[in-house]
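One structure below.
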Amino acid sequence: MYVSGPPEDRELELREHIEELRKRLIRICIILIVAVSISYYVSYPYLLSFWYSLVGKNPIYVFTPLEWVVIRLSFSVITSLLLLYPYIIYELYLFAKPGLYEHERKFLKSILIPSYGIFLFGTFFAYKFVVPVLYSIALSSAVDPYLSAEKTLTNAFKLLISFGFFFQIPLIMVLSDKFGIIRYPTYRSLRIPVYILILIFVTNLTMDFTGLTQIASLVLFVIMYETGLLILRVLNNEKRNRQ
């Protein structure tokens with residue numbers, strides 16, 4: 001099968017590539033710094049609301065002078081990245097576009113907007129249903145639940161982000177198969193090695209000694225990966241039946 005190359009036939013020099021990347025990264029950094037600064041300035045009431053939505057009426061314990069500053073900064077960075085995700089991806093896409101084949105461009109265009117929506121849904125699902133349940137279980141089993149702000153919120157941030165990414169797995173699998181990047185047989189054959197790698201990853205994801213965060217992340221990944229395999233199997237069977 002013939003695959004046409006990128007329309008930009010002029011091969012850029014390494015210096016030009018680096019200069020183009022530098023310009024786009026500077027733009028991203030400037031707008032990110034502005035967004036983080038604004039978010040940090042207004043973050044206090046929203047961070048308190050986020051805390052109480054996770055752990056109920058349990059008070060916040062800060063054990064070092066800079067702990068609350070670091071938490072507010074982390075919260076501001078995460079919220080800014082969530083809001084600026086489309087812009088950041090767009091800038092990086094424009095940088096990579098000249099070196100992409102047409103089918104690779106179509107793949108990226110078809111996945112960017114849906115994946116962002118699914119990512120937001122995954123984080124919302126974790127925030128609304130998963131994290132509060134896990135924290136309520138952990139708190140109910142704790143003899144003396146003194147909650148460190150840094151550990152509690154950092155663990156929640158990691159869980160929200162991991163759920164956002166894991167929810168996108170079926171979409172990425174289906175589109176990568178459709179555009180011939182990674183086919184269904186490859187996903188099926190890599191199932192066990194991928195599960196082992198994810199097990200290692202989620203084990204080191206957080207310092208949650210109850211293991212609830214790691215279990216929830218691993219279970220979600222397996223469900224999403226198996227869902228992707230099931231969808232691909234159905235689509236491949238339908239394709240064979242039409243032939």
With respect to the numbered conditions (1) at pLDDT 90 or above; (2) out of contact with any helix residue (DSSP H, G or I) (no Cβ under 6 Å at 6 or more places or on another chain), which one is the sole condition not fulfilled by Gly164? (2)
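This table checks each residue for (1) at pLDDT 80 or above; (2) β-branched (Val, Ile, Thr); (3) in contact with a strand residue (DSSP E or B) (Cβ under 6 Å, 6 or more places away or on another chain); (4) under 26 Å from Phe165 (Cβ atoms).
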{"residue": "Asp9", "(1), (2), (3), (4)": "no, no, no, no"}
{"residue": "Glu13", "(1), (2), (3), (4)": "no, no, no, no"}
{"residue": "Tyr44", "(1), (2), (3), (4)": "yes, no, no, no"}
{"residue": "Phe50", "(1), (2), (3), (4)": "yes, no, no, yes"}
{"residue": "Trp68", "(1), (2), (3), (4)": "yes, no, no, no"}
{"residue": "Phe75", "(1), (2), (3), (4)": "yes, no, no, yes"}
{"residue": "Tyr87", "(1), (2), (3), (4)": "yes, no, no, yes"}
{"residue": "Glu104", "(1), (2), (3), (4)": "no, no, no, yes"}
Sole residue being out of contact with any Lys or Arg (no Cβ under 7 Å at 6 or more places or on another chain), free of Cβ contacts under 8 Å to residues at least 24 places away in the same chain and surrounded by 14 or more Cβ atoms within 10 Å (Cβ to Cβ), chosen from Leu48, Leu108, Leu84: Leu108
Any residue that is closer than 30 Å to Tyr61 by Cα, at pLDDT below 85, of a type outside the set (A, V, I, L, M) and exposed (fewer than 14 other Cβ atoms within 10 Å of the Cβ) - is there at least one of those in segment 182-204? yes
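Would you mention how many residues in segment 79-130 are among the hydroxyl-bearing types (Ser, Thr, Tyr) and in contact with a Ser or Thr (Cβ under 6 Å, 6 or more places away or on another chain)?
Residues flagged as among the hydroxyl-bearing types (Ser, Thr, Tyr) and in contact with a Ser or Thr (Cβ under 6 Å, 6 or more places away or on another chain) within segment 79-130 amount to 2.
Taking the criterion of being within 24 Å of the chain's Cα centre (by Cα), surrounded by 15 or more Cβ atoms within 10 Å (Cβ to Cβ) and either in contact (Cβ under 8 Å) with a residue 12 or more places away in the chain or under 17 Å from Leu153 (Cα atoms) (or both), would at least one residue in segment 54-62 satisfy it?
Looking through segment 54-62, at least one residue is within 24 Å of the chain's Cα centre (by Cα), surrounded by 15 or more Cβ atoms within 10 Å (Cβ to Cβ) and either in contact (Cβ under 8 Å) with a residue 12 or more places away in the chain or under 17 Å from Leu153 (Cα atoms) (or both).
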When you go through (1) of a type outside the set (Asp, Glu); (2) within 26 Å of Ile111 (Cα to Cα); (3) buried (at least 18 other Cβ atoms within 10 Å of the Cβ); (4) in contact with a Lys or Arg (Cβ under 8 Å, 6 or more places away or on another chain) one by one for Leu220, which number turns out not to apply? (4)
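The values are calculated or read from the model by the stated rules, or taken from the named source; none is laboratory data. Small disclaimer: the values here were computed from a predicted structure and weren't measured. Ideal geometry is used to build each Cβ from the backbone, glycine not excepted, and the neighbour counts take in all protein chains shown.
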